[in-house]
Structures are given as structure tokens and as C-alpha cells.
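Asks: Just passing along the structure, written as C-alpha cells.
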Amino acid sequence: MEDILQQGGQITLTALGSLAALFLLTKLSGNKQVSQMNLFDYVMGITIGSIAAEMASELESPLRPLWAMVVYGLTAWGIALLTNRSIRVRRFITGKPLILMDGGTLYRKNLKIAKMDLSEFLMYCRIGGYFDLSQIQTALLEHNGTVTFLPVELQRPATPADLSLQPDQTLLQTPVILDGEALPGNLQRVGKDMTWLMRQLQS
């Protein structure tokens, strides 16, 4: 019984340690949605996650997977710095946009490079809101795997500038009460105080 409790305590400590290390490495690499990740980010995320799971159950030498996690995390961080500073490295690691369609011409060679068939391309068009290909001027496959569209000029939504309108700029709303508690810092940011807030609540 003591051995079971001891192993359980060790597993708990290594699991918490792996979670802490994974959290720190994630913060170091930056916040990204899955749709924003390129192939390298995706592979590195899976690898670091697998090492973290191994570290959680490694009782004899938990420092070995921890060291591997640090190496992978620092490598990903270093490559991110290089891609931010060098266009050549960025193109090599993340690639560049691929033109799938332009001016009514469908580039089947690029579809093959993207490992995408015509049915899949039409699906992406429908997801983007284009059921008629004549409404699309250019379709691009971005490096993160999403397909973006430039509509034909006559098919794009009208803007206030097209109608010679000058609407007032919409500003970001700042909450002054959150979860039932007043936020003095936000009140000060919008030029109000607690007296004004109490008057608004009473009214």
C-alpha cells in the first residue's frame, strides 16, 4: 500500500511538472490557433505534447524527457525568430501562398502540388460563400492550409467609401462591470468614476 501511494505521489509530481513545463513552452512559442499553425508548428506541438505525456509517467529519470521538451521548445522558438527576421528562412519553413485560381483560370498543377482535388476546392469555395466560380477573381492556398479568396470587383460588398459616406468610427467597448464587480481601472480609462457608475445603476 505504501508503495502504491509513493508511486502515485511521484506520478502526480511528474505530471504536474510536465504540465508546468508544457505551459511555459507554450507561452514561449506564442499563442496560436490551430488554423494559424503551419505544418512545422503542428508537428512540433504534437512532439512536445507526446514528450510531456511520457514525462508524466517516467518515474526513474523524469529529467530526460524534460530536457527533450526544453530542446524542442527552444528549437521552435529559435526557428520562429529566424522566420520573423529572414524572408528566405520563412519561405523555406512555412512556404508561400499558392495560386489555385486566377482570372477564371484553374491551375490544376498547383492543385496537385496542394494535394487537393477539384471537389475539395469547390467545397472550400462554398465554405467561403462562393457557389459560382465566376464571382472569384483569385483563390490562394495559404501556408497554414486555409484557402482565401479575392472576389470579382462587382461581387464584393459595398463599403461606405463606395457610397461617399463618412460614418463615425466605432470604438472598442470597455466593460466597467465584470462578474458583478466594478473595474476601477476601466472606469478611469473611459474617464468615469464610481460615482457615475452608481448613478447609472440607480437609474
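Asks: Check segment 172-184 and report whether any residue there is in a loop (DSSP other than H, G, I, E, B), within 23 Å of Pro97 (Cα to Cα) and within 25 Å of the chain's Cα centre (by Cα).
Replies: Step one: filter segment 172-184 for residues in a loop (DSSP other than H, G, I, E, B), giving 172-176, 179-180, 183.
Keeping just the survivors that are within 23 Å of Pro97 (Cα to Cα) gives none.
Within segment 172-184, none of the residues are in a loop (DSSP other than H, G, I, E, B), within 23 Å of Pro97 (Cα to Cα) and within 25 Å of the chain's Cα centre (by Cα).
Asks: Continuing with the same structure: In this structure, is Glu153 open to solvent by less than 80 Å² (accessible area, probe 1.4 Å) and either over 23 Å from the mean Cα position of the chain (by Cα) or not aromatic (Phe, Trp, Tyr) (or both)? Please lay out each step first, then the result.
Replies: On the way: open to solvent by less than 80 Å² (accessible area, probe 1.4 Å): no; either over 23 Å from the mean Cα position of the chain (by Cα) or not aromatic (Phe, Trp, Tyr) (or both): yes.
So Glu153 fails the test.
Conditions tested, residue by residue: (1) under 21 Å from the mean Cα position of the chain (by Cα); (2) in a helix (DSSP H, G or I); (3) modelled with pLDDT under 90.
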{"site": "Tyr72", "(1), (2), (3)": "yes, yes, yes"}
{"site": "Ala76", "(1), (2), (3)": "yes, yes, yes"}
{"site": "Leu81", "(1), (2), (3)": "yes, yes, yes"}
{"site": "Arg91", "(1), (2), (3)": "yes, yes, yes"}
{"site": "Leu100", "(1), (2), (3)": "no, no, no"}
{"site": "Asn110", "(1), (2), (3)": "no, yes, no"}
{"site": "Phe121", "(1), (2), (3)": "no, yes, no"}
{"site": "Arg126", "(1), (2), (3)": "no, yes, no"}
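Asks: Do we have any residue at all in segment 137-158 that's of a type in the set (Gly, Ala, Ser), modelled with pLDDT of 85 or more and out of contact with any helix residue (DSSP H, G or I) (no Cβ under 8 Å at 6 or more places or on another chain)? Don't jump to the end; show me each part of the working.
Replies: Here is the first cut: in segment 137-158, the ones of a type in the set (Gly, Ala, Ser) are 139, 145, 158.
With modelled with pLDDT of 85 or more added as a condition, the list becomes 139.
After this cut, where a residue has to be out of contact with any helix residue (DSSP H, G or I) (no Cβ under 8 Å at 6 or more places or on another chain) as well, the list is none.
No, the conditions are met nowhere in segment 137-158.
Asks: On to the next question. For Lys109, which of the numbered conditions (1) more than 30 Å from Leu16 (Cα to Cα); (2) open to solvent by less than 90 Å² (accessible area, probe 1.4 Å) fails to hold?
Replies: Every listed condition holds for Lys109 apart from (2).
The values are calculated or read from the model by the stated rules, or taken from the named source; none is laboratory data. Everything numeric in this text was worked out from a predicted model, so none of it was measured. Don't worry about glycine lacking a Cβ; one is built from the backbone with ideal geometry, like all the others, and counts go over all protein chains shown. All accessible areas refer to the heavy atoms of the entire protein, side chains included, with ligands and DNA or RNA removed. Shrake-Rupley method; radii C 1.70, N 1.55, O 1.52, S 1.80 Å.
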